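Worksheet: the structure to be examined is printed underneath.
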Amino acid sequence: MKKILSFIAMAAFVAVPMFTSCTDKEGDETVTADTTALEAEISACEELLADAEGSYPAYAISDLEEILNTVNEAMASTGLSQTVVNNLLAQLQGAKETFLAAEFEAIPEANLLLAYDFENATADPQVSSGSLAYEAALTAGPEGVFGTDTGLPTFVDGVNGGKAISFDKGSHLEISEFDYNAVLKDEFAISVWVKPTEIVAGNYVFSINKWNTCKLNIQNEGKPFFTPNLDGNAIDSDNETAGSVTTDKWTHLVVTISLTKDQMQFFVDGRLTKTWDTEGKPALAGSAWNIPKDADNIIYIGTSGAYVAGDTPVEPATWESNESFNGAIDNLKIYDLALSAGQVAKLYSDELGE
């Protein structure tokens, strides 16, 4: 975001040929650029920044400071045309709007459906907090693939101290007793910390009825990849930013979807990275969650659950690279709310212990 804003601000000078002229000619009358509105906006942004600490994430403060510095440097120059001044004003107003949207906002407790913090390393099953107390059973990889060369998930160091859960060789969690309609609302958000040991094509973090209803995985380019299935349409979506997730490093991911606004958003480490609407994903319009009659009534954490006993067995390496997550997961949460930028920023800051 910083680089984009700086580029836009500097582009104003490149795009306007009258930058070297301090006046505009209208016949014999010379008109000086009016900077009144821009100066007022500069003052407003400076006031916001003076009281920003503790109410806004560090990245938002830094981004606004950077564009503000760019504008102030331009204002100190001679030869600003009115067009350049107007462009600077529009850019600063846009930066301020983005900044205000990132203001920390608490998430109402009533909107938390289920949460697994994995702090109790001796508990099997793991039981969620939130309004839905679902049991997630520790499960080894399928014997049809791995034989006996697998085991249950293990527990490792978490994001901010404490514990996280770690998967390999097909190990995962299974929630076999749940209500589709209780989990999948018109507004939905999934929040999770991931620390993969490798980046492969599958890396399934979370799955409801495989990809036939809802799944979150990491692509082989390190992009978070979310597929809601709405009215029978699987809407494959990512944040279009390679390297969002890397190996051996904790990354916070949030994906939100609003069926009332026909919108889906991706957040990485507290920052909005991509918004999809019906222009880019037409199937988001007027849709409902797809829940087939023959749905696999299991929520999987750490796999897609694609293997079913009786299918032709595949090689373990193939199954791991396409159907499971290899690495650690922490603080998995589901909300019946399409979280705002400010709510995601606060969630990220709180869980990181800032």
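Residue-level check: of (1) modelled with pLDDT of 90 or more; (2) in contact with a helix residue (DSSP H, G or I) (Cβ under 7 Å, 6 or more places away or on another chain); (3) open to solvent by 30 Å² or more (accessible area, probe 1.4 Å); (4) farther than 21 Å from residue 184 by Cβ, residue 337 misses just (4). Here residue 257 clears all of (1) among the β-branched types (Val, Ile, Thr); (2) open to solvent by 10 Å² or more (accessible area, probe 1.4 Å); (3) over 30 Å from residue 123 (Cβ atoms) except the condition numbered (2).
Checking every residue in region 153-175 against the condition of being hydroxyl-bearing (Ser, Thr, Tyr), assigned to a loop (DSSP other than H, G, I, E, B) and open to solvent by less than 10 Å² (accessible area, probe 1.4 Å) gives at least one match. Per this entry, residue 232 is not counted among residues that are touching a residue at least 40 places away in the same chain (Cβ under 8 Å) and open to solvent by less than 10 Å² (accessible area, probe 1.4 Å). Regarding region 25-40, can at least one residue be identified that is buried (at least 20 other Cβ atoms within 10 Å of the Cβ), modelled with pLDDT of 90 or more and of a type outside the set (A, V, I, L, M)? The answer is no, given that none of the residues of region 25-40 is buried (at least 20 other Cβ atoms within 10 Å of the Cβ), modelled with pLDDT of 90 or more and of a type outside the set (A, V, I, L, M). Being within 26 Å of residue 182 (Cα to Cα), in a loop (DSSP other than H, G, I, E, B) and either modelled with pLDDT of 90 or more or open to solvent by 50 Å² or more (accessible area, probe 1.4 Å) (or both): is that true of residue 247 here? Taking the combined requirement at face value, the residue does not satisfy it.
Residue 241 meets each of the listed conditions (1) among the β-branched types (Val, Ile, Thr); (2) farther than 26 Å from residue 318 by Cβ; (3) part of a loop (DSSP other than H, G, I, E, B); (4) open to solvent by less than 30 Å² (accessible area, probe 1.4 Å) apart from (4). In the set 64, 114, only one residue is in a strand (DSSP E or B), touching a strand residue (DSSP E or B) at 6+ places or on another chain (Cβ under 9 Å) and among the aliphatic types (A, V, I, L, M); that residue is 114. Screening residue 4 with (1) open to solvent by 60 Å² or more (accessible area, probe 1.4 Å); (2) at pLDDT 90 or above; (3) closer than 22 Å to residue 273 by Cα gives one miss only, at (2).
A single entry from 136, 121 fulfils the requirement of being more than 22 Å from the chain's Cα centre (by Cα) and within 22 Å of residue 160 (Cα to Cα): 121. Residue 90 falls short on exactly one of the conditions (1) surrounded by fewer than 19 Cβ atoms within 10 Å (Cβ to Cβ); (2) touching a residue at least 24 places away in the same chain (Cβ under 8 Å); (3) more than 22 Å from the chain's Cα centre (by Cα), and that condition is (2). Would you check if residue 163 is basic (Lys, Arg) and over 28 Å from residue 249 (Cβ atoms)? Here the answer is no, as residue 163 does not meet what is asked.
Please go through region 301-323 and pick out each residue that is within 28 Å of the chain's Cα centre (by Cα) and either assigned to a helix (DSSP H, G or I) or modelled with pLDDT of 90 or more (or both). Across region 301-323, the qualifying residues are 301, 302, 303, 318, 319, 320, 321, 322, 323. Just one of (1) out of contact with any Asp or Glu (no Cβ under 9 Å at 6 or more places or on another chain); (2) assigned to a helix (DSSP H, G or I); (3) small (Gly, Ala, Ser) fails for residue 95. It is (1). Residue count for region 46-67 under the criterion of being β-branched (Val, Ile, Thr) and open to solvent by 20 Å² or more (accessible area, probe 1.4 Å): the result is 1.
Here residue 107 clears all of (1) modelled with pLDDT of 95 or more; (2) more than 25 Å from residue 55 (Cβ to Cβ); (3) assigned to a loop (DSSP other than H, G, I, E, B); (4) not acidic (Asp, Glu) except the condition numbered (2). When the residues of region 184-200 are narrowed to those that are touching a strand residue (DSSP E or B) at 6+ places or on another chain (Cβ under 6 Å) and hydrophobic (A, V, I, L, M, F, W, C), which ends up surrounded by the fewest Cβ atoms within 10 Å (Cβ to Cβ)? Among them, the one singled out is 190.
The values are calculated or read from the model by the stated rules, or taken from the named source; none is laboratory data. Keep in mind the model is a prediction, meaning the values are calculated, not measured. All Cβ positions, glycine included, derive from the backbone under ideal geometry; neighbour counts span all protein chains shown. Protein only, heavy atoms only, side chains kept; ligands, DNA and RNA dropped before computing areas. Shrake-Rupley method; radii C 1.70, N 1.55, O 1.52, S 1.80 Å.
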